[in-house]
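All of the numbers you see were taken from the coordinates with simple rules; none came from a lab. In this text the structure is predicted, and so the values were computed from the model without any measurement. Neighbour counts run over all protein chains shown; Cβ positions are idealised from the backbone, glycine included.
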Amino acid sequence: MLLNTVLTIAPLLVLLRGAAGDLLSDIENALRDATDCASCHALLLPLQTLAHRGDSAFVDTFISICDDFQLEDPDVCAGLVSASGPILAHDLRQISAAGQTATKFCDAVFGLCDPPPVNAFTVPFPKRAPAHPTTFKSTGKTPFQVVHISDVHIDRFYTVGADANCTKSICCRNFGDETGPPTEPAGPNGNARCDAPETLADSMYEAIQQFAPHAAFTLFTGDVVDHTDWLVNKSVVTFDLAAFNFDMVTKLKGPIYPAIGNHDTAPVNTFPRDTTITPLETQWVFDTQSAGWEPLIGAAAALQEKHTSGSFSAVVPGMKLRIISLNTQFWYKQNFWVYDSEVQQPDPNGLLAFMVQELQAAEDADQRAFIIGHIPLGKEDTLNDQSNYYDQITQRYKNTIAAQFFGHSHKDQFEIAYSDFNDQTADTATSIAIVAPALTPTSGNPAFKIYDIDPDTFEIMDAKVYITNISTPNFQSHTPQWEFYYSARATYGPVTSPPLAANAPLDPAFWHRLTEAFETNDTAFQQFNTFISRGADVGACDAACKASTICDMRALRAENNCDGPSLGISLKRDERAQGRMAESDACEGRSIAHIFRSLVNRDDLTQDFARLRRSSRVPRSVLED
């Protein structure tokens, strides 16, 4: 149906182009008509024509539109479009406007399409699951501690006294276009409109030493670089990564197992697949992290990271536990390099095969495994295909995987995998993914987690959150003070049915029972809703919000989440776009996708384009056919 609709519209747009006399009119008309998935496919036709006129024409046109329509400040428009515009133009030159990749492109860039059905693919495994898998039994030994930090987003250019109430998505810097005295001078320790200053990060390192002085190791699940996406470049990112690697080596104790985040490259989110021919390679990221991580993970794992697109595996010294760190960005919707081919590529850069290889090695050695990565595989901004294939691996090695750990959303969350997503029960729950809150204050009070881990089973026995409250009166005048916030075991254990036993782990069955408790115990659910932002940015959550939130808890497979409208639902374009991208915006802030979604949601495009024509800022090649 969708293909027939697009093919019907395509000749009409060709006629419109001839009648209008210039490409800009075609783009204007297509943007105005873009209200659903079919019309988004039609919109791609004039955009493809523009892309074929060259990267410069594409970039200059959309910088002019962004700037003239005042979608962002001029420097933000220029920076974001210059960085990511050539990638979008490259994609548009490679694909059909009526194909499946175009549907995925429209989902990621405009928020106007639902993801297409998952392409059938069966992950190959070297061995069948053993008929009698190894049994991991607890003997009641004292748990050991593991620290989990994520999304630090340290702004090395944070400036005390700069305006914390600026016109950009991230403030507390001396931006060149700011004039006059600041309306809200930035304090030394951070602000909710700004990324983390170094003072805040240093206070977190000290708090970790205070609350977990004997932690066995630390997990870091990615995103070092700040959110000034329009300013970052290779040299800035390289400096930021090296600075944080030095901090981890010198200010945290014990082994540290990191993962790469979507902000840890330049331009942001850009990780080309091995099959893509482009001068914008990202091997420099893997080289930087290989060198910086070697003191943390050892030479063999560092070499593996360098040659496996940022992923590695390492056995924790003295334990039968393997840490598998995955670069999840090759499965990320906002990595626009994944839309440059009509050929469906189930395993970009072989990372699913790498995951299978390392889990098989763990199974053969009677080890358990922690999976760590940046983006949880159940999120709306994860590609459904790869999430489905990842889930196949999770199910095959469910006896080996003790737990999974992610970040990205900046929220205190969890996601559950099931052997049968159509029969979600405590008995079918097979894996748990813990999502860590962030250090950056942009999405709530800064936080980190400490887990109690059973040394026999490597299951989570407790998850404790520690925060610093940026709203306390003396937050800016003293070193930030960190405090215990809550224990998952103490808070949630009593509300499940049956209540959590004294020696029972926080296993997948427990977390499912907690979702059942949330359905009937609104007090417990609203407490969870407060915990999401650590009490700093608590949004009202009514019955519909609650149902969607619980659905997402039960969706460590992206096709099962409830983060966006379903196919067939008729919504205004702004409602659909906001629904598709609401949570990923919390991590991304302003991006080129935000600019494109803003365009399809404007009501005054006729006046906007008329003004743009009068400005004479659009390239002549776009104004003349």
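Set Lys and Arg Cβ to +1 and Asp and Glu Cβ to -1, take the dipole of the chain about its Cα centre, and tell me which of Phe175, Thr135, Ala501 lies farthest positive.
Final value for the positive-end residue is Thr135.
Give me Ile375, Ile297 sorted ascending by neighbouring Cβ count inside 10 Å, so fewest comes first. Write down the numbers at each step before the final one.
Working: Ile375 32, Ile297 22.
Least to most surrounded, the residues fall as Ile297, Ile375.
Enumerate the lysines that Lys398 could reach by cross-link, defined here as Cα to Cα under 23 Å, with residues fewer than 8 away along the same chain left out.
Qualifying lysines at Cα under 23 Å: Lys127, Lys137, Lys320, Lys379.
What's the ranking of 108-115, 299-306, 511-518, 468-475 by average number of surrounding C-beta atoms within 10 Å, highest first?
Numbers: 108-115: 24.5, 299-306: 18.1, 511-518: 21.5, 468-475: 14.8.
By packing density, highest mean first, the sequence is 108-115, 511-518, 299-306, 468-475.
Which one is right for this structure if Cα extents along the principal axes in Å is calculated from it: [x] 102, 66, 45; [y] 79, 60, 50; [z] 122, 55, 52?
[y]
How do 536-547, 216-227 rank on mean C-beta neighbours within 10 Å, highest first?
Those peptides, ordered most packed to least, come out 216-227, 536-547.
Report the full-extension gain for the segment Asp423 to Ser471: residue separation times 0.36 nm, less the Cα-Cα distance, to one decimal in nm. Don't skip to the end; give the middle numbers.
Numbers: separation 48, 0.36 × 48 = 17.28 nm, distance 4.33 nm.
Length gained between Asp423 and Ser471: 13.0 nm.
Taking 8 Å as the Cα distance limit and 6 or more residues as the minimum spacing, I'd like the relative contact order of region 285-413 as a percentage. Don't jump to the answer; show the numbers that get you there.
Values: 172 pairs, mean separation 29.4, N = 129.
RCO, region 285-413: 23 percent.
Under a 5 Å amide H to amide H cut-off, with H placed in plane at 1.01 Å, what residues pair with Phe414 once short-range neighbours are removed?
Hits under the 5 Å cutoff: Val435.
In nm, what is the difference between 0.36 nm times the number of residues separating Ala501 and Leu303 and their Cα-Cα distance?
Gain on extension, Ala501 to Leu303, equals 66.9 nm.
Kindly provide the helix-only [θ] at 222 nm of the chain, computed as the sum of -39,500 (n - 2.57) over DSSP H runs of four or more divided by all residues, to the nearest 500 deg cm²/dmol? All intermediate terms of the calculation are to be shown ahead of the outcome.
On the way: 20 runs with 254 residues, N = 625.
Helices in the chain give a 222 nm mean residue ellipticity of -13000 deg cm²/dmol.
Show me 88-95, 482-489, 556-563 ranked by packing, highest mean number of other Cβ atoms within 10 Å first.
Going by the mean number of other Cβ atoms within 10 Å, highest first, we get 556-563, 88-95, 482-489.
Would you mind counting up the charge near Ser387? Only other residues with Cβ under 11 Å from its Cβ, with Lys and Arg at +1 and Asp and Glu at -1.
Residues close to Ser387 contribute a combined charge of -3.
Suppose the chain between Phe239 and Ala540 were pulled fully straight at 0.36 nm per residue; how much longer would it get relative to their current alpha carbon spacing?
Values: separation 301, 0.36 × 301 = 108.36 nm, distance 3.98 nm.
Gain on extension, Phe239 to Ala540, equals 104.4 nm.
With an 8 Å Cα cut-off and a minimum separation of 6 or more residues, compute the relative contact order for region 417-488 in percent.
After rounding, I find 20 percent.
Using r as the Cβ-Cβ distance of Asp522 and Ser548, and R0 as 22 Å, what FRET efficiency do you calculate, to the nearest 0.05? Show your work: numbers first, answer last.
Numbers: r = 15 Å, r/R0 = 0.68.
FRET efficiency, Asp522 to Ser548: 0.90.
Quick one: helix 37-52 against the long Cα principal axis of the chain, what's the angle to the nearest 10°, folded into 0 to 90?
70 degrees
Output the antiparallel fraction of DSSP beta bridges having both residues in region 137-267, as a percent to the nearest 5.
Within region 137-267, antiparallel bridges account for around 10 percent of the total.
Expressed as a rounded percentage, what relative contact order does the chain have, with Cα pairs under 8 Å and six or more residues apart? Kindly include the intermediate steps, with their values, before the conclusion.
Working: 1235 pairs, mean separation 109.4, N = 625.
About 17 percent, as a whole number.
So if I take the centroid of the Cα atoms in region 411-477 and the same for region 150-229, what is the distance between those two points in Å?
21 Å
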